[in-house]
Every structure is written in C-alpha cells, then in structure tokens.
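The structure under discussion appears below in the form of structure tokens.
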Amino acid sequence: MTTSTKNDVTELLRNSNQALGIGEYAVAFMDAATEGGAPDPKVLERTMLFFTDSILCGVSALALGTNAPRVLRDEALGYPDSDGIPVLGSTEPVSPEKAILANCSAVREWDSNGTNFGYRPELGHTAGEFGHNDFYCVAVAAAQIAGRSGSDALLGMVAIDEIRGRLAEVFSLKTYKIDHVVHGAIASAAVYGAMLGATAEQIESAIGMFVAHFIPWRAIRAGKQLSDSKGASAAISTEAAITAMRRSMNGFVGPRDIFRNPEAIWRQFEPTDGDAPFDLILSNRGEDFAVMGMHFKLGLYEHQSAGALQGLVDLVRANPDITGSPDQIESIRVVAYEPAYGIIGDPAKRDPRTRQSADHSMVFILSRLLRKAIHHGGELPADNDGVWKQLMLMPEDYSDEALFDEETRSLMDLIEFDHGGEEYDTRYPDGIPTSIIIRMKDGRSFDSGLVMYPSGHARNTTADLEDILRTKFQRMGELAMENGGPVISRLMALPDMDPSALRTIWDFQIKDVGGFA
C-alpha cells in the first residue's frame, strides 16, 4: 500500500507515489463508505445542497439556450451508445464521456455553483487554488453505468470534492497560469474508475495520462471578452479525464507516479530533489471533509465579488437614502485583495460586452445589484436574508439588455476599485476581505467596514443559508420548467434512489426558452 491511514485520514506523503495513492484512496473510500463507514450526515447534507444547486444551474442554462451547453449537448446526442448514460433532460443513452462533457458544461455555464479557495491552515495547506462543484455528474454517471444506487452516487460526489479540494489546498495552479480544473479532472478520473471497479494501478495510469496529455492553460480566461472556453473548461478537461480512465481500464498504460515525474507540471513549476512538492491529506470519515469548507453563490456572480456584494447589501439596508436618492451618489469605492483586484477589477472588465465577461466584472456585478435595489426603492426588507433573496442576481441580469442598460452603465462609471495591500491580502483565503464606501454629493459617507465572511461563505454564521438557497433553487427551477418544484424534490431524493430510479434521474422536460444563444 502507498497510503497510510491515521485518525480517520489518509496520508499521501510527498516521498510516495501519490497518483497510485489517490487510486487506492478512491477505491478504499467507496468500499468502506458503502459498507457503513460513510462520512458524517452533515457532510452528506451539505453535498446534497451543492448537488441540487449545480443541477438547477445546469438545467436553467439549457432552458435559456446558452451556447456551449447547447452545442455540447447536441454533440453528445450524436454519440448514441446502448451501454451509455443520458444527458440532462433525456433518457437516451449516449457515450459516457460525451454525456459527462455535456452535463458538466451545463452545470458550470452560469458560474453560479459552489466555490472553494484551498484553505486548511491547521496543516499549513493554504495554496488558495480555486475550484468549483462542477463534477457531480461524473459520480452520477459512474453509478448509472455500474448499477449503483443514489447513495453511492452521493458518496462519489464527496470523494470527488475531497480529492480536488485537498489538491487545491496544496498546489496553486493559477500561480503558473494553469487552469484550476486540473484538480477536478484528476478527482473525476479517480472516482469514476473506483466506482466502476478499476484497480488503483489503472487509476494511476489514467491520472498520468491526463496530466501528461491534457493540461489546460488559463489562456481560456485571458482577454477583454471571454469565450465559451472559460465556462466549458471543467467539462472539456473532464471529458479527457474520463476518456483516459476508460482507456486505462481497456489496457492502455499511462505514465506512472506522475506527481514525482520531473517533467510533469508539479516539479516543473516547483522543483524538488525527487519528491512531489506537497503532502496530500484526505479524509476517510467524520465531519472534516473538504466540502464543508466550500462556499455557495447566492446568485450569479464571481465569488471574488461576494464580499463587496455583502457590503453593498449591508449599506442599502442601513441607509435608505442610497437607493432613495441615487442621483445623489457621488462615488462608490471598493477596496479588495489579490486575486480579486487582478481578476474582477481588471480595467479590461470595466466594459463587459459578453455575459462571461460581465460575471467577472466587479463594476458590473455591483452596479447591477445596486440598480435592482434602486428599483425596489423603499420596499427592501429589513433583514439580510430578505435583501439577498429580493436582489438575487439571476440570468436576466446578464442578458444583452442588462449588459447595455444605461442606468447600470452610469452606476459603473461611479465605481473606483483599489487594492487594499497587505492588510487585505493576508486575510485571504480565510475570508473575502472587502470594504465598500459610498459617498454622497452632500458630503455624507457610508462605510461597510471590512467584510470577511459574506452570506454563502462557509464561515458565515449569520445568514439562513438554506432559506436563501430555497429561493435560488425555485427561481432556477422555474426558468427550466413550468413548475420547478418536482425537479427539486427529485434531486433532493437522490440518496433514496435505487439503481433503476437513478437511471432516470434526468428524465424531465426542459423548457426551450432561449435568449442566451
């Protein structure tokens, strides 16, 4: 065994074959979990919320005709496979890697599902890499193919989040201009293989193949106006990872021991004398799973803006004059940390002309929320949760009409975005350190103070998260079908599904609304 288990964790030390260890972990986790060694119910409940959130984001993106999910779903339907699995909103079986490609693309399109920032200070694992809950369809697909139950699919989701989440804590891909989806693709290959009966050696081979052949650069996220490649990055990399896993199970042998390979990305970017650059610690049972530290988005926005959004929510709640006399606003100053300042404060993002650019533009995101608050006038709820529910940014806030709305654009012109320096930078990724000051023409100034843990953040203790999420789920569901309630109930019933029910989990009619082609 490459792995060592101590106190409910698996330690994959830097002087070991960590690719083989991930394979051993995935196989052992699925075996132990299905035999009664499951994670704490709190872990499963939180994963269920993330799962439901992600699928509702996906089906609403399909309903509104977003380009990449539509193109990739059509592509998948062109690969019928009697031994395959269906795409969202269908019962027709297609090739597994194509179904996963289509489903993961749909889930990610709005950029509105869960986020992690790779932070585990008690172990000194604070690389702060990004990541998202884009990969749950992999676990569903594996369970469908293997004739497993919904509870097995849920355990597979926990394992995917654990592997990718812990990798995000120990290696910052973004530092080297590599896209963060690499961590998720590795996790997807491992868990997909484990759920289908692959050996640890076959999983090691698949991970080696993916890392050696399919590394995506952050070039997909560069430029003034972002393309479909940004939103589909997780899906395309996962398609490659699943292809590698299937190829490995058919006998192809990829590079071994890829984390210690001197010419793979890990040691190329962080040279060592032979070891991998990091230790990797994975949880086996209990409450301390990576998913417990992941964050929810309470609408459509880049999560780096969540601190500023919370600051704005706090200010408009406490100071009705801001929304009652918007023509008296002189300036709006936002102070934040890196990487928020560099990514969503980029001057190139001050004039977004595509949805993908707008949801990564701090000035647009804030201005759109403030415009909605102004239009509600004095009717804003007094409580934090009520304001979040009323002002929640939804797909229509990124339509062509919204992108070029004159009122939104005029508010954008008022925003100044500054880097807070070391005082702010050292507080990330523990929190999302941001402050916002609104100055009025009569000399008054409204200051949010430093916001660290906005609503939706894993360390926020003040918001009623599930209540806000219920609103988000209902709105997303209603975009996708005539009545969103039944599909929400179906998704939330995942843990109780037998293999037959799981095969038809995507059997629902998605509306064809269009509007975002």
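FYI, it's all coordinate maths here, none of it is from the lab. Predicted model only: the values in this text are computed from it and were never measured. Every residue, glycine among them, receives a Cβ derived from its backbone with ideal geometry; neighbour counts consider all protein chains shown.
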Sorted largest first, extent of segment 86-195 alpha carbons per principal axis (Å): 45, 25, 20
Magnitude of the Cβ-charge dipole of the chain, K/R +1 and D/E -1, about the Cα centre, nearest 20 debye? 560 debye
For segment 202-318, what are Rg and Dmax over the alpha carbons, in angstrom? 19.5, 64
P(r) of segment 370-517 over all Cα-Cα pairs, 5 Å bins starting at 0, rounded to whole percent, reads 1, 7, 11, 13, 17, 17, 13, 9, 6, 4, 2, 1, 0, 0
Between Leu77 and Lys511, how high is the FRET efficiency from 1/(1 + (r/R0)^6) when r is the Cβ-Cβ distance and R₀ = 22 Å? Nearest 0.05. 0.80
Provide the descending list of Cα extents for the chain along its principal axes, expressed in whole angstroms. 72, 53, 39
In nm, to one decimal, how far is the modelled label at Ser229 from the one at Ala382, with both set 7 Å along Cα→Cβ? 5.3 nm
Quick one: net charge around Ala501, please, counting Lys, Arg +1 and Asp, Glu -1 for every other residue with C-beta under 15 Å from its C-beta. -1
May I ask for the percentage of alpha-carbon pairs in segment 303-455 that lie more than 21 Å from each other? 40 percent
Would you please classify the overall shape of segment 4-293 from the alpha carbon gyration tensor, given that a ≥ b ≥ c denote the square roots of the eigenvalues, rounded means a/c under 1.5, and beyond that prolate means a/b larger than b/c while oblate covers the rest? rounded
Computed FRET efficiency, Cβ-Cβ of Asp498 and Tyr176, R0 41 Å: what is it to the nearest 0.05? 0.35
